Amino acid sequence: MSNIPVQKADRLPSAPITHGRSAEIYDWGEGRVLKLYFKDFPESDVDLEYLNTCEAFRLGCTPMECFGKVECDGRYGIILKKILGISMTKMPEKNPLILFKAGRIIAGQHAMVQSKHTDALPDLREKAAACLDGEAFAFLPDGKKEKLRRYILSLPAGDSVIHLDFHTENILMNGKDVTVIDWMTAAKGVPQAEVAMMYFLHHHAELFPGSSKAQLAFYTAVRTFIYKSFLKNYVKITGMDPESARPWYVVALTLRKGLWNIASEKEYLESEIERLTDEIK
């Protein structure tokens, strides 16, 4: 049972402003929006985003303040500060030159978020290990599953804020103002884990469903370009050796498979997780 107070809503005030994979966004008045999840979306995950967003706001990782929780017709959602701007994904339509700045901007946001430390967010190693108990990992034999679990839990602990879904659609831009959104998957850990996840997001993550082959080719080229610029700038800011993120790649893949379990990513994730598990000494 959730301990977060719930505001009941008999009806929604308008048509949604926009929507994503799991929720719709509604105008909620007074500089606020309602992020309302679809029916059957677990209330526990809504609570997790509420708590994670509150912690990210408290630490200064995002100006997106969280004001409460709403239930409407069996759907749960959270009330958030309305952030002006558009996603970095859509920015090139207004300003194509943003593509040449995107990597540097993302690197700066990563360094800022990771400079914040917390004990309130879940340990990403424990989060990844818990994924192995879900149906998404039925493909992995029990012996390999336990081998992978031991490996994940043996990696170094950390208390930096880690977002785990740090792609351009989760970065809003309004002039020089940059806001990182969608904190449901946030955890605490070492920055190398986020860098490992960034490699996956910019090379193997699902692109936009329904896009044409030409569009997919364009998006693939763009995200590869952005990743190279991100990594170059991130190394310059932090001094991290990119090779130090390599041991975390199987952890990133485990989290991606366990938390999202996207059909189009299934073949790559399952084959890579099994291959990397076999390579563990």
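The loop-placed trypsin sites (Lys or Arg not before Pro) in the range 131-190, going by DSSP, that have at most 14 neighbouring Cβ atoms within 10 Å of their Cβ come out as LYS176.
Modelled label positions at ASN95 and THR18, each set 7 Å beyond Cα in the direction of Cβ, lie 1.6 nm from each other.
In this model, which of LYS39/LYS144; LYS39/LYS69; LYS94/LYS236; LYS94/LYS176 are farther than 24 Å apart at the alpha-carbon?
Over 24 Å Cα-Cα: LYS39/LYS144; LYS94/LYS236.
For TYR76, nonlocal amide neighbours, meaning residues 5 or more places apart or on other chains whose placed amide H falls under 5 Å from its own, are TYR37.
Solvent-accessible surface of protein heavy atoms, probed at 1.4 angstrom with all chains present, puts LEU12, LEU132 in the order LEU12, LEU132, largest first. Looking at the range 6-139, the accessible area is 52 square angstrom per residue; that uses a 1.4 Å probe and ignores ligands, DNA and RNA. Placing unit charges on each Cβ (+1 for Lys and Arg, -1 for Asp and Glu) gives the range 32-78 a dipole about its Cα centre, and among ASN52, CYS72, LEU34 the Cα reaching farthest toward its positive end belongs to LEU34.
Calculated [222 nm] ellipticity per residue, helices only, for the chain: -13000 deg cm²/dmol; basis is -39500 (n - 2.57) per DSSP H run with n ≥ 4, divided by all residues, nearest 500.
For ASP241, the solvent-accessible surface with a 1.4 Å probe is about 90 Å², rounded to the nearest 10. Remark: accessible surface ordering of ARG246, ARG275 (largest first) is ARG246, ARG275, probe radius 1.4 Å. Under the combined filter of DSSP loop state and at most 16 neighbouring Cβ atoms within 10 Å, the range 155-214 retains these GluC sites (Glu not before Pro): GLU206.
Taking amide hydrogens as placed 1.01 Å from N in the peptide plane, the amide H of SER115 sits under 5 Å from that of no residue at least 5 positions away in sequence or on another chain. If R₀ is 41 angstrom, what is the calculated FRET efficiency for the pair ALA263 and GLU30, using the beta carbon separation as r and rounding to 0.05? Working from the Cβ atoms, E equals 0.55.
Net length available on complete extension from ARG246 to LYS232 is 3.4 nm, with 0.36 nm assigned per residue and the Cα-Cα distance removed.
Find out how many positive minus negative residues lie around LEU140, taking Lys and Arg as positive, Asp and Glu as negative, among other residues whose Cβ is under 15 Å from that of LEU140.
-1
Applying the criteria of a DSSP loop state and at most 13 other Cβ atoms within 10 Å to the trypsin sites (Lys or Arg not before Pro) of the range 39-81 yields LYS39. Taking R0 as 25 Å, what FRET efficiency do you get between GLN7 and ASP177 from their Cβ-Cβ distance, rounded to the nearest 0.05? With a Förster radius of 25 Å, E is 0.30.
Short-range pairs are left out: with C-alpha atoms under 8 Å and at least six residues apart, the relative contact order of the chain is 19 percent.
The values are calculated or read from the model by the stated rules, or taken from the named source; none is laboratory data. Keep in mind the model is a prediction, meaning the values are calculated, not measured. When we count neighbours, we look across all protein chains shown, and the Cβ atoms used for this are built from the backbone with ideal geometry, even at glycine. Areas reflect the complete protein model, heavy atoms only, side chains present, ligands, DNA and RNA absent. Shrake-Rupley method; radii C 1.70, N 1.55, O 1.52, S 1.80 Å.
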